[in-house]
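The values are calculated or read from the model by the stated rules, or taken from the named source; none is laboratory data. Quantities reported herein were computed from a predicted structural model and do not represent experimental measurements. Glycine also receives a Cβ, built like all others from the backbone with ideal geometry; neighbour counts cover every protein chain displayed.
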Amino acid sequence: ELHTVTTLPTARQPGCPFDPPEELIDARRHGPISRYTFPGGKSGWLVTGYDLVRSMLADSRFSSRKELMLHPTVDYSGIEIPPAAPGEFLLMDEPRHGRYRKPLVSKFTARRMGLLTERVQQITTDHLDAMEQAGPPADLVPAFARPIPAIMICELLGVPYRDRDRFQDHVESFMDGETSDEDQIAAVTATYEYLTELVAAKRADPTDDVLSDLIDTDLTDEELRGMALVLLAAGFDTTANMLALGTFALLRHPEQLAALRADPARTDQAVEELLRYLSVAKTFMRTALEDVELAGQTIKAGQVVIASYHTANRDPERFADPHALDLHRRADGHLAFGHGIHLCLGAQLARVEMRVAFPALINRFPTLRLAVPAEEVALRPETADIFGVKSLPVTWDV
Ligand code: HEM
């Protein structure tokens, strides 16, 4: 039976920063696909079932092209969306996408990222030392969750972290769900200005980093700038939100937190379960390039399908007792990093960061707890593409 969803697919359950809204959970019970009407009135689809999300993401009849996309929270009627700028490969299909992704793949392998473990440990220790010296309470977002991934992606790319005032807030404003379209355009422009200067500087004086390595290819400066923007935007905000929201989830599930403290060998598995459970990248969209049958429904060419990674990761047919955070479970196969040709390029980097940072934090502060009632923790709005907390006040015994 075909169900129509009216709740925002990017929403969370009122009062619970971890679970999808009841209506999305309910939609999955009716079947893996529902109808959804976009702001402005265009009819589209919402896929909530794990198997269907996965197969759709592997199906080249569904496009990621920016100019074909609609957004569940933005009214695009009357607006012509321009195609992705050169280098912005997240919003392209093959063969354009591959031109940019291919030269990056070897730079982000599990082996290469594993070699960064010591550097992540050092940055993590520095930030924990600073928290300890300043004493409780602390806001975990600026003290810990934001700087660790930000420093790592900057060092990898070759973007001086000391320049962060010129891009960090801008990049975050793309995904925080609170910045107006006009301000977002201004933020992109300002970031592009910075990156244009940076690419020129690398061309003049290459250093030992990913951007400099790419200078020797046939990629233009404009393309490199677009690639750098995608990497900065994707690399900053996602892992930062996983670290902060993940800590919040652990503090709300003390038995799970205790199990992780007691058994560091469980860390890798725990990180996968936190990725599944939190699904901070809640939804991504695809547009049908031709008429496609999905679970008995005909998706018409041009219609947009929202893939709910969050609901797919909570599909009871794939994960038993899906709404429980259970660090003992095997959560592999989750879709928190997507699937198919756009599978997260930074997944191995994010994993290394989380595998170091979570245990380091909870072991440094054995009495870590929220410094405010859980209901008072400020959450990102439901319109945010990447979910998370705006701040996480914590305290501990000294
Ligand atoms: C793509 C999630 C961290 C770089 C994606 C996609 C997801 C995702 C779901 C697929 C989007 C789609 O289906 O269209 C996450 C999460 C992260 C994380 C949850 C943190 C825990 C990172 C980091 C980097 C990164 C640290 C830094 C290099 C990218 C890039 C893409 C991508 C470049 C686009 C890949 C492509 O289009 O081929 N990410 N990501 N991500 N991610 Fe991540």
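What the table below lists for this structure:
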| read-out | value |
| --- | --- |
| Cβ-Cβ under 6 Å pairs, at least 6 apart or on other chains, the range 333-352 side over 15 Å from residue 242 (Cβ atoms), far side more than 6 Å from the ligand (Cβ to nearest atom) and of a type outside the set (A, V, I, L, M, F, W, C) | 339/54 |
| Odd one out for residue 317 among (1) buried (at least 17 other Cβ atoms within 10 Å of the Cβ); (2) away from the ligand (no atom under 16 Å from the Cβ); (3) within 30 Å of residue 44 (Cβ to Cβ); (4) not aliphatic (A, V, I, L, M) | (1) |
| Filter result for residue 342 (within 16 Å of the ligand (Cβ to nearest atom) and farther than 28 Å from residue 119 by Cα) | no |
| Tally, over the range 366-398, of residues that are assigned to a loop (DSSP other than H, G, I, E, B), in contact with a Pro (Cβ under 9 Å, 6 or more places away or on another chain) and of a type in the set (Asp, Glu) | 2 |
| Number of positions in the range 269-301 that are more than 16 Å from residue 11 (Cα to Cα), within 14 Å of the ligand (Cβ to nearest atom) and buried (at least 23 other Cβ atoms within 10 Å of the Cβ) | 7 |
| From 251, 224, residue being closer than 30 Å to residue 15 by Cα, touching a residue at least 40 places away in the same chain (Cβ under 8 Å) and not charged (D, E, K, R) | 251 |
| Selected residue [under 13 Å from residue 237 (Cβ atoms) and at pLDDT below 95] from 176, 181 | 176 |
| Boolean, residue 363 is in contact with a Pro (Cβ under 9 Å, 6 or more places away or on another chain), under 19 Å from residue 260 (Cβ atoms) and of a type in the set (S, T, N, Q) | yes |
| Verdict on residue 199 being within 23 Å of the chain's Cα centre (by Cα) and among the β-branched types (Val, Ile, Thr) | no |
| Qualifying positions in the range 53-74 - under 22 Å from residue 180 (Cα atoms), over 21 Å from the mean Cα position of the chain (by Cα) and within 14 Å of the ligand (Cβ to nearest atom) | 68 |
| Selection status of residue 247, hydroxyl-bearing (Ser, Thr, Tyr), more than 8 Å from the ligand (Cβ to nearest atom) and surrounded by 16 or more Cβ atoms within 10 Å (Cβ to Cβ) | yes |
| Scope the range 157-194; condition under 22 Å from the mean Cα position of the chain (by Cα), without any contact (Cβ under 8 Å) to a residue 40 or more places away in the chain, farther than 17 Å from residue 85 by Cβ and part of a helix (DSSP H, G or I); matching residues | 161, 164, 165, 166, 169, 173, 183 |
| Pair list, Cβ < 6 Å and 6+ apart or interchain, from the range 195-206 residues that are part of a helix (DSSP H, G or I) to residues that are among the small types (Gly, Ala, Ser) | 195/228; 202/212 |
| Filter result for residue 77 (under 15 Å from residue 302 (Cα atoms), more than 16 Å from the ligand (Cβ to nearest atom) and touching a strand residue (DSSP E or B) at 6+ places or on another chain (Cβ under 7 Å)) | no |
| Residue that is surrounded by the most Cβ atoms within 10 Å (Cβ to Cβ) [pool: residues in the range 320-339 that are away from the ligand (no atom under 16 Å from the Cβ) and under 20 Å from residue 5 (Cβ atoms)] | 322 |
| Filter result for residue 315 (out of contact with any Cys (no Cβ under 9 Å at 6 or more places or on another chain), part of a loop (DSSP other than H, G, I, E, B) and modelled with pLDDT under 95) | no |
| Residue in the range 347-363 that is surrounded by 16 or more Cβ atoms within 10 Å (Cβ to Cβ), not in a helix (DSSP H, G or I) and not hydroxyl-bearing (Ser, Thr, Tyr) present | no |
| Test: residue 221 is of a type in the set (Asp, Glu), touching a Gly at 6+ places or on another chain (Cβ under 7 Å) and either within 14 Å of the ligand (Cβ to nearest atom) or more than 30 Å from residue 31 (Cβ to Cβ) (or both) | no |
| Selection count where residues are among the acidic types (Asp, Glu) and either crowded, with 22+ Cβ neighbours inside 10 Å or touching a Lys or Arg at 6+ places or on another chain (Cβ under 8 Å) (or both), scope the range 250-268 | 1 |
| Of all residues making up the range 127-140, the number that are in contact with a strand residue (DSSP E or B) (Cβ under 9 Å, 6 or more places away or on another chain) and in a loop (DSSP other than H, G, I, E, B) | 2 |
| Yes/no for residue 370 being within 16 Å of the ligand (Cβ to nearest atom) and touching a residue at least 60 places away in the same chain (Cβ under 8 Å) | no |
